[in-house]
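Worksheet: the structure to be examined is printed underneath.
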Amino acid sequence: MSVAVHAEEVRALIDIAQTINAHLSIDAVLESVMSVAKDVMAAEASSLFTIDDDTGELLFHIAQGAKAERVKTIRMEAGQGIVGHVVDSGEPLIVNDVANDSRWYSKPDEESGFQTKSILCVPLRTRERILGAVEILNKIDGPFTRNDLVLCQAVAGQAAVAIENAMLHEQMLEKERLAAIGETVAGLSHCIKNILQGVKTGSYLVNMGMEKGDMEYVGKGWKVVSKKNDFMEELVWDLLTLSKPREPLYEKTDLNALCEEICEIGAEREGEPGVTVDFKPDPGMPVVEVDGKGMRRCLLNLVTNAVDACTKGGKATVETYAPGDDGMVRVVIRDTGCGMSDETVAKLFTVFFSTKGSKGTGLGLPVTKKIVEEHGGQLEVASEKGKGTAFTVLLPLVHEEWQHPDPSCP
Ligand code: ADP
Ligand code: MG
């Protein structure tokens with residue numbers, strides 16, 4: 001049987017084909033498909049059902065039409081109603097006189113008064129399976145025709161491909177999410193295991209000292225325990241920092257004074273003896289607006305990494321530079337340490353990447369990068385294996401949100 005095809009119907013099919021390429025979320029695909037179906041079919045309402053793979057139930061997704069706005073997502077048992085019948089049989093169905101058909105007749109909806117008069121329902125079918133059905137209700141200008149059926153089948157065919165694509169995409173995202181959780185748990189477990197091991201060793205020494213009445217053992221053991229306690233605190237702080245975006249708490253800061261303090265702490269770090277930390281401040285450094293606590297953490301991370309990288313006699317240097325033409329303040333942390341291969345540099349900002357065994361968490365650089373970027377700044381790295389490394393922190397002198405929205409307010 002030949003079917004007349006109108007320009008608006010062709011247009012509808014092209015729209016749906018474009019939707020398939022444009023959207024990867026099921027909701028976006030559904031909405032777009034339904035609005036096209038309703039506009040071209042000139043029906044009072046339309047809805048779309050998909051089969052829940054886990055329960056076999058039909059999931060009512062969306063309704064469009066004058067009376068349909070208040071309809072929410074509904075679950076229906078498999079096989080129920082005309083949609084259930086179409087999904088089970090895989091065959092489309094037209095019922096133009098619902099009032100006189102006892103199989104599909106239902107009373108008007110109490111709240112909206114919506115009464116089903118005619119129905120066109122076609123399965124959402126891909127080559128392998130049936131995903132659900134499209135249902136179009138109450139054609140305004142007469143009965144549903146063979147022409148409507150053919151168009152609706154074409155629409156449903158396109159919709160099925162779009163929905164399947166969207167489902168596959170969502171499954172892929174879920175897999176990636178689970179993989180990321182798995183990696184985080186593995187990294188975290190490794191850190192916690194190291195901390196527990198340290199606490200165990202320290203406690204053993206404390207116990208032994210107490211048994212023998214030897215305070216030297218007690219002191220040594222307690223030192224180990226409290227060091228691991230600090231480590232744990234750092235770990236939790238880093239995890240919290242990474243867990244969500246944060247607005248820095250800006251305050252006017254003397255960056256040179258901050259860097260000097262960090263150099264002193266870095267020089268006292270336990271590790272390779274004889275590592276010096278030099279400070280070369282730019283005397284022209286103006287006052288900057290940064291999150292003092294966050295920036296302290298960033299610079300301490302970079303300086304301790306520089307010290308860790310230096311073998312005996314190695315040197316770390318911290319240099320500050322007042323803003324250049326780009327309005328950015330610079331802090332360069334340089335070391336004459338072991339340097340890094342390109343492969344290591346590529347992994348630097350991956351959480352839990354560390355070459356320091358039980359001494360590292362692999363969170364220092366990801367945290368540093370995040371804080372610097374939250375300031376609107378950048379973290380750059382240049383390294384040569386066997387020669388050394390330079391990290392550069394670039395920070396805008398004035399951040400955009402600093403201006404008070406109402407200058408008349410204090
Ligand atoms: P952690 O210090 O806990 O290992 P970081 O995120 O601070 O974690 O650093 C990750 C890794 O990057 C370090 O384990 C080290 O391999 C490498 N790294 C960082 N800074 C330097 C540096 N200045 N020189 C050489 N290697 C570095
Ligand atoms: Mg570190």
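The values are calculated or read from the model by the stated rules, or taken from the named source; none is laboratory data. Quantities reported herein were computed from a predicted structural model and do not represent experimental measurements. Here Cβ is always computed from backbone atoms with ideal geometry, including for glycine, and neighbour counts include all displayed protein chains. With ligands, DNA and RNA removed, areas are computed over all heavy atoms of the protein, side chains included. Shrake-Rupley method; radii C 1.70, N 1.55, O 1.52, S 1.80 Å.
Overview of results
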item	result
Extent along principal axes [Cα atoms of segment 251-402; Å; largest to smallest]	41, 29, 26
FRET E, pair I14, K107, Förster distance 41 Å, beta-carbon r, rounded to 0.05	0.55
Surface accessible to a 1.4 Å probe, per residue, for the residues of the chain, Å²	56 Å²
Spatial separation of Cα centroids for segment 97-119 and segment 196-269, in angstrom	72 Å
Computed log₁₀ I(q)/I(0) - Debye formula, equal Cα scatterers, no solvent, segment 174-243, q 0.24, 0.26, 0.27 Å⁻¹	-0.96, -1.04, -1.07
Highest-first arrangement of 151-159, 209-217, 47-55, where packing means the average Cβ count within 10 Å	151-159, 47-55, 209-217
Length added when fully stretched, D342-M210, from 0.36 nm per residue minus Cα-Cα	42.5 nm
Sequence of E247, E268, E174 when ordered by accessible area, the most exposed leading, probe 1.4 angstrom	E268, E247, E174
Within the accessible area of the chain (1.4 Å probe), percent carbon and sulfur	54 percent
Segment 204-267: Cα Rg divided by the 2.2 N^0.38 Å rule of thumb	1.76
Table column - 3J(HN,Hα) (Hz), segment 343-352, Karplus curve with 6.51, -1.76, 1.60, x for Gly and Pro	5, 5, 4, 5, 9, 3, 9, 7, 4, 6
Extension reserve of the K220-N96 stretch, reckoned as 0.36 nm per residue once the Cα distance is removed	35.8 nm
Using alpha-carbon coordinates, inclination of helix 7-22 to the longest axis of the chain, degrees	20 degrees
Compactness relative to 2.2 N^0.38 Å, alpha carbon Rg of the chain	1.54
Cα centre as origin, Lys/Arg/Asp/Glu Cβ charges: the chain dipole, Debye	1260 debye
